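The values are calculated or read from the model by the stated rules, or taken from the named source; none is laboratory data. Just so you know, these numbers come straight off a predicted model, no measurement behind them. In this analysis, Cβ positions are derived from the backbone assuming ideal geometry, glycine residues included, and neighbour counts consider all displayed protein chains.
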Amino acid sequence: MICQNCGGTYTSQRQHGRYCSNGCKKSAARGRADRNKRDAQGSVTKGRFARTCAYCGKEYRSASPRGRYCSNACKQAAYRVRKEKVKA
């Protein structure tokens, strides 16, 4: 069999083994986690949504189709405005 991480050949008792060792298995998992983290941080724009901030009107990219605000500061400011309207 051929290891999917390092490309080396190995023998396995399991019919569907993918990795030659636990080290290769963990290394592959770390690589996947790193790729997912980079994707979530916006280095890859696939799956990102162009949005307009509901508070300041600035255009930004959101990881979620439900995102409303460009930053936590705008989200907090909008909350304070809503809270004042309820008091009045």
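Could you please give the count of residues in segment 1-22 that are surrounded by 13 or more Cβ atoms within 10 Å (Cβ to Cβ) and among the basic types (Lys, Arg)?
1
Please specify each residue of segment 34-65 satisfying the condition of being modelled with pLDDT of 90 or more and not in a strand (DSSP E or B).
Answer for segment 34-65, where residues must be modelled with pLDDT of 90 or more and not in a strand (DSSP E or B): Cys53, Ala54, Tyr55, Cys56, Gly57, Lys58.
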